[in-house]
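Derivation of every value follows stated rules applied to the coordinates shown; laboratory data play no part. Since the structure is predicted, the reported quantities are computational estimates derived from the model, not experimental observations. Don't worry about glycine lacking a Cβ; one is built from the backbone with ideal geometry, like all the others, and counts go over all protein chains shown.
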Amino acid sequence: MNGPGGIDRNGKSMKKQVTTIGFAALIAVTSVLAGLAQTGRPGGTRGYASDQFEGFDALEEDARILQKTKSFWYSVDAETPAAQLQVAEKKEALGRDRAARKAYEALIREWPTAPEAAQAQYALAQLRERQQKFEKAFDEYQYLITHYAGHCPYQEVLDRQFRIANHLLHNNTSMFGWSLSGMDAIRERFEQIVRNAPRGAQAPEIMLVIGSIRVSEKELQEAIAVYEGLLNRFPQASQAVTAAYLAAQCRHELAVKHSYNEPRCREAIAFIKAVLARMPTHPQKAQMTAWLNELTALLIEQNYQQAVFYDTKQRNAEAAKAAYRRFLSEFSDSRHAAQVRERLTQLEQGAAPLR
């Protein structure tokens, strides 16, 4: 299906390159490292809700859509739900959209448990969509799912929500280029679709969209969480290949931006290495290998400069020797290795720290 925004959800199948256990273990390890990178101790402060959708906004406790109630503004025109539905449908057929909408609303509010109420709610949502009241249409479909899930074409409703969310995403500017609505609101609609069907066929693709919105808003840590959630839940999906690359890209960008943060650099290196090991034929292997080499060089320089700092700034011989030994144990083949060995030998022979 192609939505208004042109996103194709019928992706070609790819060779299965990931194992569930492999990526679940990888994500567990990198999550601990990410906590260290952000807070300096395990655990972090990411704080998502118990819905367990990584990178999604936490749900409010009172976020459930309340059932519609009787209202002075919506009065029925018939004595039975079936007759009221016929009245509403006739008004819509005559092009009296406002009157039809009120008639559908009246039925839903007067007889909320009648079978016709679900039919009226579905018709109301479709009417709003036809009127191009897309935000209202999405919400009416959500009301249908919330209160009449067993009495509506569930997958068709999800498809319609996806199409609407895509349209809102790709048509979110005025003729002057201004944003018509916040990206947070649009992202939350995509998140709602995933929550409606957490294991649905659309979920991996929608999670990629959610991650891309996070990236566009410079929320890279949240984007990583979304991509990792996709990898953890759908390791065999074709979208997992893309998610692995995008998560690596975000990690690389954050590691370079925060070049002083060694734990962040290490967890980015660990993640990229794991992706390359588990996806040896990944189409972006060359780019990820370049990122890996860049981050490894950055890590080497971080450790070298730290050892030199102990030697030349703090002038602490014992700390300098320990740092030089750690450097050689991990980076014995680096371009600094010969110089570090020579300086370590000098310190072990009693030389004073450098000025």
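Could you sort 147-154, 248-255 so that the peptide with the highest average Cβ count within 10 Å comes first and the rest follow in order?
Working: 147-154: 14.6, 248-255: 22.6.
Per-residue mean Cβ counts within 10 Å order the peptides as 248-255, 147-154.
Relative contact order for the stretch 284-355 using alpha-carbon pairs under 8 Å, separation at least 6, rounded to a whole percent? Reported as a whole number, the value is 30 percent. Between the stretch 239-254 and the stretch 278-346, the C-alpha centres lie 25 angstrom from each other.
Per-residue Karplus couplings for the stretch 91-97, computed as 6.51 cos²θ - 1.76 cosθ + 1.60 with θ equal to phi - 60°, are listed in order as 4, 5, 4, 7, x, 8, 4 Hz, Gly and Pro entered as x.
Taking 7 Å steps out from each Cα toward its Cβ at T289 and E342 produces label points 3.3 nm apart.
For the stretch 55-111, which GluC sites (Glu not before Pro) are both in a DSSP coil and crowded by at most 14 other Cβ atoms within 10 Å? Before the final figure, lay out each step's value.
On the way: sites: E60, E61, E79, E89, E92, E105, E110; in loops: E60, E61, E79.
When the GluC sites (Glu not before Pro) of the stretch 55-111 are filtered for loop state and at most 14 Cβ neighbours within 10 Å, E60, E61, E79 remain.
What spacing in nm lies between the two simple spin-label points modelled at E135 and Q86, each 7 Å away from Cα in the Cβ direction? Using points 7 Å along Cα→Cβ, the separation is 3.8 nm.
Here the alpha carbons of the stretch 143-241 define both size measures, Rg and Dmax, at 14.4, 44 Å.
The share of C-alpha pairs in the stretch 284-355 whose separation exceeds 20 Å stands at 33 percent.
Which semi-axes, in whole Å and largest first, does the equivalent ellipsoid of the stretch 244-304 have when worked out from the alpha carbon gyration tensor as the square roots of 5 times its eigenvalues? Before the final figure, lay out each step's value.
Details: eigenvalues 79, 23, 16 Å².
Here the semi-axes work out to 20, 11, 9 Å.
Kindly provide the chymotrypsin sites (Phe, Trp or Tyr not before Pro) of the stretch 224-313 that DSSP labels as loop, not H, G, I, E or B, and whose Cβ sees at most 13 other Cβ atoms within 10 Å. Please list the in-between numbers first.
Numbers: sites: Y227, Y245, Y260, F271, W291, Y304, F309, Y310; in loops: Y260.
Sparse-neighbourhood loop chymotrypsin sites (Phe, Trp or Tyr not before Pro): Y260.
Sequence-ordered 3J(HN,Hα) estimates for the stretch 141-148 from the Karplus curve with 6.51, -1.76 and 1.60 and θ = phi - 60° stand at 5, 5, 4, 4, 5, 5, 10, 9 Hz, glycine and proline given as x. Ordering M207, M288 from the fewest to the most neighbouring beta carbons within 10 Å gives M288, M207.
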